[in-house]
Amino acid sequence: MSASTVPVGVSAAAVDATKKGERVPEPCIVVIFGASGDLTKRKLLPALYHLDQSGLLPKDFAVVGVARRDLSATFGPDMKEGILKGGGVEENDPKLKPFMDRISYFATEFDDDAGFDKLKAHLAELDGKFNTKGNRLFYLAVAPEFFADITRRLGKHGMASPEAGDKHWVRVIIEKPFGTDLESARKLNDEINDVLAEDQIFRIDHYLGKETVQNILVFRFGNGIFEPVWNRNFIDHVEITAAESIGIEGRGPFYEKAGAVRDVLQNHVMEVLSFVAMEPPDSFEAEAVRTEKLKVWRAIEGIPVNNTVRGQYGPGKVDGKDVVGYRQEDRVSPTSSTETFAAIRLGIENWRWAGVPFYLRAGKRLAKRVTEVTIVFKQPPLHLFKSNSSEDNIAPNIIKMRIQPDEGISLQFGAKVPGPTTNLAQVNMAFSYADAFGKSSANGYERLLLDAMLGDATLFAHRDGVEATWALFTPILEAWAKVEAKHFPNYAAGTEGPECADELLAKDDRKWEKL
Ligand code: BG6
């Protein structure tokens, strides 16, 4: 498109975006509480900048970072560094300066009424300067103990809901962890719902922003050939692995209270599970998708504690380097019982999945970073051919959905090995995101920030869903808390995890996929 055809005040990128059917949000201010934290610099600002580069932010837009310390002198340069490091941006990028000019910093204690009044005035001033029309997206990137307080104060100072007759909108994104068990999640939901309507609340799980996670739904419901076999008649079992090779990265105090279940299994892995197992929704709208996800979680039968195992890493080697054990990490108790690995077996009691075991595992300091869904299909009814690998058992067909890294999908099947005998070998048909679409610089936050600005909650957690997943994991956490983990540490850093995880599958005569 030539510049002359672009309407005044609208960027060429925005016009291109609109032509592609992408929606551009209404003018607004994004207000990030906890802006001095790592998330803002590493993820949120680079994501907002990429959106702007792609013409997906409104022309009338501003960002305010709020935190307790006075960082007004360093905030701008610090955020710029984050954007440049975030990838795909050059220092001399012509869009960078105009974007940076829209960022401001505001210091206040989170319990300071006078500070909140001043923040309100600051936002009103920005409305005047940038024509942001009173629309607000608050992002609570703070420690969870501040979620309710900040929300309450936004309410008290007239920032949580549009005044009667006003057309503008107010939305609040809340980071994880959302509660630490069922009771705390319910309490937090009550406290937040006291101030905000459910459709103003956007509980974020960055896994839902990942292209490969969204693609699970596209793979299943955007194609005709997979869904007919996506059920107990054809599928033997399902495995979901979220393995990380990193440790706790200096987050000792946080991780001591969290552990693998609260940190990853209850949220990221359960979100992935719901996409793998849900029924086709009536539409790709928030209500329809959330309803189907909820049905999956509610159909999960209680998970007996003997279908769960936990582990903690000891010293070992990762990528050829010696690393300390969890108990030797900074600000971790030398006798800690926090699990850095958890695996469970669960069943979904509905018509599609009855009798199909789902094995889930998540852990830190494992041999590799890999997040993957493995769908293992049943054997053919008769074995006519011999396999190369074993005399009497043909390897099953397997669909692997690689969420990260090396994003892609593969289908494993048997093929005849060339030669005068009829022997089978396993081969792969593979799709790689990078090969098909090129490398993407998008982090999950781009999509989620954009959706929140558009008011689309499809990829955000709902109150009922959060409580349903906590209802499943709370009894496990309670049972574990009662029994000292005497066997910790039970896996060396850099390995496949604890032996008890292998035993969990061995009981069913199965094995985990190798990392
Ligand atoms: C976060 C957890 O939510 O997810 C971290 O707190 C974990 O402990 C991270 O490392 C994993 O995210 P990703 O996108 O790197 O898989």
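The values are calculated or read from the model by the stated rules, or taken from the named source; none is laboratory data. Because the structure is predicted, anything quoted here is derived from the model rather than measured. Cβ placement follows ideal geometry from the backbone for every residue including glycine, while neighbour counts extend to all protein chains displayed.
Brief remarks on what is shown
- The C-beta contact set for the stretch 278-290 (first residue closer than 18 Å to PHE219 by Cα, second residue of a type in the set (A, V, I, L, M, F, W, C) and part of a helix (DSSP H, G or I), distance under 7 angstrom, 6+ apart or interchain) comprises MET278/VAL296; PRO280/PHE221; PRO281/ALA288; PRO281/VAL289; ASP282/ALA288.
- GLY250 meets all of the listed conditions (1) touching a strand residue (DSSP E or B) at 6+ places or on another chain (Cβ under 8 Å); (2) outside any helix (DSSP H, G or I); (3) at positive phi but one, namely (1).
- Residues (more than 26 Å from SER184 (Cβ to Cβ) and surrounded by fewer than 16 Cβ atoms within 10 Å (Cβ to Cβ)) located in the stretch 458-501: LYS486, HIS487, GLU499
- Only one of ASP508, ASP406, ASP456, ASP451 that is of a type in the set (Asp, Glu), assigned to a loop (DSSP other than H, G, I, E, B) and closer than 30 Å to PHE138 by Cα: ASP456
- When the residues of the stretch 62-81 are filtered to those that are crowded, with 24+ Cβ neighbours inside 10 Å and modelled with pLDDT of 95 or more, the one that is nearest to PHE130 (Cα to Cα) is VAL63.
- Filtering the stretch 308-337 to residues that are over 13 Å from GLY247 (Cα atoms) and surrounded by 18 or more Cβ atoms within 10 Å (Cβ to Cβ) leaves THR308, VAL309, ARG310, GLY311, SER336.
- Which numbered condition LYS167 fails, given (1) buried (at least 16 other Cβ atoms within 10 Å of the Cβ); (2) under 26 Å from ASP60 (Cα atoms): (1)
- Near pairs, Cβ below 8 angstrom, 6+ apart or cross-chain, from the stretch 249-264 (in the same structural domain as VAL466 (by the TED database) and more than 16 Å from ILE303 (Cβ to Cβ)) to any residue that is within 12 Å of the ligand (Cβ to nearest atom) and charged (D, E, K, R): TYR255/ASP263
- Of all residues making up the stretch 179-203, the number that are without any contact (Cβ under 8 Å) to a residue 24 or more places away in the chain and in contact with a strand residue (DSSP E or B) (Cβ under 7 Å, 6 or more places away or on another chain): 0
- Residue selected from the stretch 356-373 under the condition surrounded by 23 or more Cβ atoms within 10 Å (Cβ to Cβ) and among the basic types (Lys, Arg), by the criterion farthest from the ligand (Cβ to nearest atom): ARG361
- Scanning the stretch 325-380 for residues that are assigned to a strand (DSSP E or B) and among the small types (Gly, Ala, Ser) returns ALA342, ALA343, GLY347, ALA362, GLY363.
- Filter result (in a helix (DSSP H, G or I) and either more than 24 Å from the chain's Cα centre (by Cα) or not assigned by the TED database to the domain that holds ILE240 (or both)) within the stretch 466-500: GLU478, ALA479, TRP480, ALA481, LYS482, GLU499, CYS500
- In the stretch 123-158, the residues that are farther than 20 Å from ASP190 by Cβ, free of Cβ contacts under 8 Å to residues at least 60 places away in the same chain and surrounded by 17 or more Cβ atoms within 10 Å (Cβ to Cβ): GLY134
- Helices (runs of 4 or more DSSP H) enclosed by the stretch 30-137 - at least 1 residues per element that are farther than 22 Å from LEU450 by Cα and out of contact with any helix residue (DSSP H, G or I) (no Cβ under 7 Å at 6 or more places or on another chain): 75-85, 113-130
- Residues that are away from the ligand (no atom under 16 Å from the Cβ), in a loop (DSSP other than H, G, I, E, B) and either among the aromatic types (Phe, Trp, Tyr) or surrounded by 15 or more Cβ atoms within 10 Å (Cβ to Cβ) (or both) within the stretch 232-247 comprise ARG232, PHE234, listed in sequence order.
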